[in-house]
Every structure is written in C-alpha cells, then in structure tokens.
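Take a look at the structure set out below.
The values are calculated or read from the model by the stated rules, or taken from the named source; none is laboratory data. If you're wondering where the values come from, they're calculated on a predicted model, not measured in any experiment. Here Cβ is always computed from backbone atoms with ideal geometry, including for glycine, and neighbour counts include all displayed protein chains.
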Amino acid sequence: MTDADPHWLSGTRGALRPPPHLSLSEWADKHYHLSPESAAEPGRWRTLPYQREVMDCVTDPAVERITWWKSARIGATLSIITNTIGYHIHHDPCPVLLVQPTQEDAERYSKEGFAPMVRDCPSLTGLIRERRGKSAAQTLCHKTYPGGILSIVGAHSARGFRSTSRRVVIFDEVDGYPPTAGAEGDQIKLGTTRTDYYADRKIIHVSTPTIEGISRIKPLFYQGDQRRYHVPCPHCGHRDFMVFSKQEDGGHWMQWPEGQPEHAYFVCSAGGCVIRHKDKHKMVTEGAWVAAAPFRGHASFHLWAAYSFSPNATWGQLAQEFVDAKDNPEELKTFVNTVLGETWQDRGEAPDWEQLYARREQYKVGTVPEGAHFLTEGVDVQIDRFEIETVGWGLDKQSWSIERTVIMGEPDAHGKHIKTPATWRKLAAHFNLTYPAADGRQFPVALTAIDAGNETQAVYNFCRRYPMSRVIAVRGVGTERTIVGLPSPVDVMNSGKRHQRGYKVWPVGVNVAKTELYGWLRLPIVPDGEPCPEGYCHFPEQHGVEYFKQLTSEHLIPVKKRSGHVRREWRVVPGMNDRNHGLDCRVYARAAASVYGLDRHIPRDDEAPPPAQGAPPQATAEAQQPREPAPAPRKQRPKKENWITSGRGKGGFLGGRRR
Ligand SMILES: [Zn+2]
C-alpha cells in the first residue's frame, strides 16, 4: 500500500497500519496541483523555501497552534489552507472546520479554492463524490469524504460553530471577522472549543493585518514563538530578517537612490553591504525561520512581500508602490497592510481644524453641490437635543457637508431643555426635508442613521416606524473591524430568545470610521480645477469655527490596560469635552452611506454620474406621525440610481453585505 492509495482507511479498518508519514510540504509537492483559477502558472505545486516550515508545522505533532501574520503575494492561502484541507481529505482524513470572514467568503472559497483543487488533484478527485441515496453528502459549504467532513463557515454565523467536533480548525483572514458571532461571542474561542476532544488538534490562524489596536493576527503572533525569516547577506554572510525601513532592533533594510525606486536594494544590517535584487532568490533559498520567543506549542510566523518570488513583487516594484501611495493615507494604509504585512498605525493626532476652516468652499449650506449623488444623515441623541449632520456623497467617496442641524428639546418650567414627544415629531418632520441642487433638482436624504447608544429603547421605537431602507438605528462598537457590521436583532420574545425577524440595530465600527475620516481630513488642499483624491471632504463657507473644532475633537492616544499592555484608544481632545457630537454625527452619516452602498461601488474612470432624481422618498411611517407641515412637496420615490444599486447583493437591500 502506498500513500497514493487513499483507501487505506476504508475496507479493512481493523487492520490499519498508520499511514506512511508525509509532511504537509512533501504531500503538497507530490499531490497538489495548482488550478488556473488560483495561480498564474497552473500545474504541479512547488513549496517555496519560506513556506516549507510553516506548512510542516501542520503535520508536526509538537505543534498545536500555528499563526501566520502575513502580507499578500506570498502564497499563504494556497500553502497552508488549501493544502491542509487536501492533506486531511487524502492522507490523514479527519473532520476540518474552515472559518472565513463572511458567508459570501465561505461560498467563494468553496467555489474558487476548494472545487478547482478537487478537480485538478487526481488524488482528491475520487474522494469527494455524490453518493447514491446520500444526496446531502456534498453541499456548497459541507463536503464529506471517507473518514471526515469539511465545513466552511462565515465568522458571523453562530450556527456554523455549533457543529460537532473538529480536529483541525483553520481561521482565515481573522482581521476581517466581525466582532462576535451573533450573540455567542468570539469566533476564535468558539471555533477552538470545537477541537477540545482531540489530543492531536491543530488550530491555524492566517491573516493580513488591519489597524493597530483592532488587529487580531498581530497579538496572536506575539502569543506564539515569533519566527521571522532570516536570510544571509550575499557579501558577508550575516543573517538577519528583512525590513522596509531601518529599525533599531535590526533587519536588512530597503533603500533606493533618490527618485529611483525601481532600483531599490537592501542594506546589510551588519556591514552596510548593498544587496541587489538579483541575489534575492539565492538568499531566500538559503534562509531559515528564527524564533524570538520560546516554543510552547504555538508556532507563529511573520512574512512580508520582499521575500516573495512572485514576478510582481520585485523590490523595485514594491518601492514604486510605496512612492505611489505615500501621499494618500488610504493608499498608504493598503500598502502597509498588504505589502509590508504590518498593522496600520494612525498618527493619532487630530487633523488641524484651522486648515480645514481655511479651505471652505463656495457653496451654500443646505444646497447640494455638483458631484454629490446622494445624501445621508447621522443623528446624535443627547438628553436635551438631537444633533444632525446631512452629508452628500459622490464618486471616490468624496463628501460634502450639506448642513448641521440641532433640534433642541422643549424648555421645562425651570428653563431646562428636555426632549418631549414634540421634539421627536420635529425630528420626524426633519426627515421630510429635501435639499436643492443648483439646477433645481431636489435631493431627499437617502438614509438616516440614528445613534441608539443613549435612550436605546426610545430610539428603537422611533426607528421601527420607518423602513430600514430609510432610517436605521446604529450603535457604536469599538471592536467592530469594518465601518458597519451585520445588524443584530434587538427584540426579546417571551421564550427569552431574540426575535430573529424583529427590529435590528447596526453596529458601527467607530474606530475604523474615525481613522478613515481623519485620513481624509489630512489630505492636502486640492487646487481649483484639479481632481480630488478619494475621500476628499468639502465644506461650505458658512460653517463656523465650532463645526471644525467638533469634527476634529478626538485623538488616538496610548492607554495602559490593567493587563499591562498598551492599547491606543480614541479620546476627546482636552477642552472639547461634550463637544465631540459633530464627529459622532459625521461617523453615523458615514455608516449610513456604507449601508446605502458607498463601499460596494467601485467607480470606473469613464463612469458618468447618474442623473439624480429629485424627490423625497415616500415615508411609510408618516401615517403614524402627527402631521407637521412638510417644507418640501412630496413627489414619487426616486427611481433607484444605477450606479449605487449595481453593487447590491441578490438579497435586496439588507441582503447585500458591504465588504
Ligand atoms: Zn553584509
């Protein structure tokens, strides 16, 4: 019997000999074939020097956990995820759980990662098959094979984690996970408990990082033995890892002649030798992983694109990408995450409000300037008032502040303001406003997000009178990793469970949104007539000093936790206490824009803006509202604007999840 015969398990079960040992990289080199869907050069897999040790941890009995903190372009998904699955179908069958950030990601992996592998690897093809009378053996996200089952689940699904025990659990792109799986808590803990019954369990975490303080993969790396890939200098033989810029704690660092990033080279950390790109292949082939902490069952690895053998990751190319991205905080963040494989550290300082004030533009408050395609609103709920910002959004996520509104509560006998039913009615009436553009069209507000952090129940009760296509309740969540997460039910039934089809609140990643906004606010002023970069924010000349002070009223500062480690948190700038509502309004308006589709739309250069339809949507809730004179005439609901609806998923408004 050879290891090519997968059926050593079936038939003579009792008389089994253990399978001949093959490490994961040995298995991959022998049995794995790259598919045209997942590789530029399909054909036989060749394990790259820096992949071998990571992969072989999967088959090393001493290793229980593996963490790979990585950049793009180093083949991490294929080497450690797809191969591990193939190995445990063919060579060492056992139940496997693969966790992807969302259900869509899970289905995509099944179609574009798993199915081509089974089709193109002869060793696997016969093992995943529909069996007569067992039609449910294979579904998109559940695959059975002799001796095991593979489940692919989305991280937000609590149900996906309730399945039976698994010996191998793979967490892919953990930095893209929503904060919790439904009401049941942390996905990594949930998935890990599925392995509790296996002494030889394997838990694998893989991800490109996101924002410092929110990233999960970076702390996981530091829980492990912290291996980095050391390569020998071709001139003096000194071994060190490679870093992008010179660092105190070592590393050969990258440099290039002024203005010539295409000629980037590395400088040897021992002697200053110049290491040319032509030496990369040999250096990396002779390199080795070196741990910085003792091994206690958890092997952790960090690797970035400078080691890559990809023809699209030459040192010159990486340096050029940095030069192209460095002036735009958004592009720089992508570069840091996907090329350097590092978390993005926001500088943390609040943008300079005086500069923003100085660059106000000539358009009137309450009007829609050219370029804005739809409007959203963010409502901050205070004890005595509502604060509102109306924001227009256009291509490339450019934004225009349209209006800042405060609806004060009614004064009581002592002159103190307090929100009464009349105040809520004023808010409802505000929703009927439309905003004129220069050409006479009227813009309604497409979607309003109301903060349910204070007076939660009152906000839910108010919002549920409106369809979610018009008004949503939102809740700021510091740990949310995206601008908006999946909405979760808020109503409790008498069975004590959440009413799954009842009203839902949307979690807003306030830290992510603030980081994004501050990046946008720091963009340099664009001279008249020049195109604006992605995210550029426009302000009308009537906005006063207070508006800009509020918009820039928080900063990111290091806060020491009780556990002793330091986390960076958003705090109000001294002197601005209780004056940060302007920032909150903008964050909620941004969240509403995301739900409406801003983040799903990738504009093409040749895309003409659609004709905006001028009419407020019909408010179904108004029938229940006491009538107040609406300042603008109500017409028909505007037709859906193609450019913004095109990205929406099949599931309709709420079904299409923003990515
Ligand atoms: Zn050297």
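Among the candidates G341, G316, which residue alone is over 26 Å from E173 (Cβ atoms) and either within 27 Å of the chain's Cα centre (by Cα) or more than 16 Å from the ligand (Cβ to nearest atom) (or both)?
G316
Can you run down the residue pairs with Cβ atoms below 6 Å, 6 or more apart or on separate chains, where the first is in the stretch 172-196 and over 24 Å from W506 (Cα atoms) and of a type outside the set (F, W, Y) and the partner is assigned to a loop (DSSP other than H, G, I, E, B) and at pLDDT 85 or above?
From residues that are over 24 Å from W506 (Cα atoms) and of a type outside the set (F, W, Y), the pairs are R194/S165; R194/R166; T195/R166; T195/R201.
Listed residues G176, G259; which is buried (at least 16 other Cβ atoms within 10 Å of the Cβ), under 25 Å from L318 (Cα atoms), of a type in the set (G, A, S) and more than 15 Å from the ligand (Cβ to nearest atom)?
Criteria check complete, one pass: G176.
Only one of these conditions is not met by G271: (1) within 16 Å of the ligand (Cβ to nearest atom); (2) in a helix (DSSP H, G or I); (3) loosely packed, with under 15 Cβ neighbours inside 10 Å; (4) touching a residue at least 12 places away in the same chain (Cβ under 8 Å). Which number is it?
Status for G271: all satisfied but (2).
Could you run through the stretch 407-426 and say how many residues are farther than 20 Å from H581 by Cα and within 40 Å of the chain's Cα centre (by Cα)?
Counting residues in the stretch 407-426 that are farther than 20 Å from H581 by Cα and within 40 Å of the chain's Cα centre (by Cα) gives 3.
Which residue, of Q457, Q500, is without any contact (Cβ under 8 Å) to a residue 40 or more places away in the chain and assigned to a loop (DSSP other than H, G, I, E, B)?
Exactly one residue qualifies, and that residue is Q500.
In the stretch 188-238, which residues are part of a loop (DSSP other than H, G, I, E, B) and within 16 Å of the ligand (Cβ to nearest atom)?
Of everything in the stretch 188-238, those that are part of a loop (DSSP other than H, G, I, E, B) and within 16 Å of the ligand (Cβ to nearest atom) turn out to be C233, P234, H235, C236, G237, H238.
Within the stretch 567-588, track down each residue that is part of a loop (DSSP other than H, G, I, E, B) and either of a type in the set (S, T, Y) or buried (at least 16 other Cβ atoms within 10 Å of the Cβ) (or both).
Within the stretch 567-588, V573, M576, N580 meet the criteria.
Please go through (1) away from the ligand (no atom under 14 Å from the Cβ); (2) charged (D, E, K, R); (3) part of a helix (DSSP H, G or I); (4) touching a residue at least 24 places away in the same chain (Cβ under 8 Å) for D279 and return the number of the only condition it doesn't satisfy.
(1) is the only condition that D279 fails.
Only one of (1) surrounded by fewer than 21 Cβ atoms within 10 Å (Cβ to Cβ); (2) in contact with a Phe, Trp or Tyr (Cβ under 6 Å, 6 or more places away or on another chain); (3) under 20 Å from L395 (Cα atoms) is not met by P533, so which one is it?
If we test P533 against (1) surrounded by fewer than 21 Cβ atoms within 10 Å (Cβ to Cβ); (2) in contact with a Phe, Trp or Tyr (Cβ under 6 Å, 6 or more places away or on another chain); (3) under 20 Å from L395 (Cα atoms), just (2) comes out false.
Let's see how each residue does on (1) buried (at least 18 other Cβ atoms within 10 Å of the Cβ); (2) out of contact with any Phe, Trp or Tyr (no Cβ under 7 Å at 6 or more places or on another chain); (3) aromatic (F, W, Y); (4) over 22 Å from V339 (Cα atoms):
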| position | (1), (2), (3), (4) |
| --- | --- |
| G185 | no, yes, no, yes |
| I188 | yes, no, no, yes |
| G191 | yes, no, no, yes |
| Y197 | no, yes, yes, yes |
| R201 | yes, yes, no, yes |
| H205 | yes, no, no, no |
| P209 | yes, no, no, no |
| S215 | yes, yes, no, no |
| F221 | yes, no, yes, no |
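Take H252 and decide whether it is of a type outside the set (D, E) and either surrounded by 19 or more Cβ atoms within 10 Å (Cβ to Cβ) or within 14 Å of the ligand (Cβ to nearest atom) (or both).
Judged against the criteria, H252 is a match.
Which residue out of E262, E248, E286 is in contact with a helix residue (DSSP H, G or I) (Cβ under 9 Å, 6 or more places away or on another chain), of a type in the set (D, E) and closer than 22 Å to W69 by Cα?
E286
Could you go through the stretch 458-467 and let me know if any residue there is of a type in the set (A, V, I, L, M, F, W, C) and surrounded by fewer than 19 Cβ atoms within 10 Å (Cβ to Cβ).
Within the stretch 458-467, one or more residues are of a type in the set (A, V, I, L, M, F, W, C) and surrounded by fewer than 19 Cβ atoms within 10 Å (Cβ to Cβ).
Here is a list of conditions, (1) without any contact (Cβ under 8 Å) to a residue 40 or more places away in the chain; (2) over 30 Å from V490 (Cβ atoms), and F221 meets all of them except one; can you say which number that is?
With respect to (1) without any contact (Cβ under 8 Å) to a residue 40 or more places away in the chain; (2) over 30 Å from V490 (Cβ atoms), F221 is out only on (1).
Among the residues of the stretch 59-73, which ones are of a type in the set (A, V, I, L, M, F, W, C) and surrounded by 24 or more Cβ atoms within 10 Å (Cβ to Cβ)?
Those that are of a type in the set (A, V, I, L, M, F, W, C) and surrounded by 24 or more Cβ atoms within 10 Å (Cβ to Cβ): I66, W68, W69.
Is it the case that some residue within the stretch 291-298 is part of a strand (DSSP E or B), surrounded by 14 or more Cβ atoms within 10 Å (Cβ to Cβ), in contact (Cβ under 8 Å) with a residue 40 or more places away in the chain and away from the ligand (no atom under 16 Å from the Cβ)?
yes
Can we say P533 is touching a residue at least 60 places away in the same chain (Cβ under 8 Å) and not in a strand (DSSP E or B)?
For P533, the condition - touching a residue at least 60 places away in the same chain (Cβ under 8 Å) and not in a strand (DSSP E or B) - is met.
Residues of the stretch 191-215 being over 20 Å from the mean Cα position of the chain (by Cα) and not small (G, A, S), which ones?
Within the stretch 191-215, T192, T193, R194, T195, D196, Y197, Y198, D200, R201, K202, I203 meet the criteria.
Which residue pairs have Cβ atoms closer than 9 Å, lie 6 or more positions apart in sequence or on different chains, and pair a first residue in the stretch 352-375 that is more than 13 Å from H543 (Cβ to Cβ) with a second residue that is part of a loop (DSSP other than H, G, I, E, B) and acidic (D, E)?
E370/D439; H373/E641; F374/E641
Mind listing just one residue for me: the one in the stretch 240-249 that is touching a residue at least 12 places away in the same chain (Cβ under 8 Å) and buried (at least 16 other Cβ atoms within 10 Å of the Cβ) and, of those, nearest to the ligand (Cβ to nearest atom)?
D240
Picking from S245, S269, S300, which residue would you name as being under 20 Å from F335 (Cβ atoms) and among the polar types (S, T, N, Q)?
None of the other options fit; the residue is S245.
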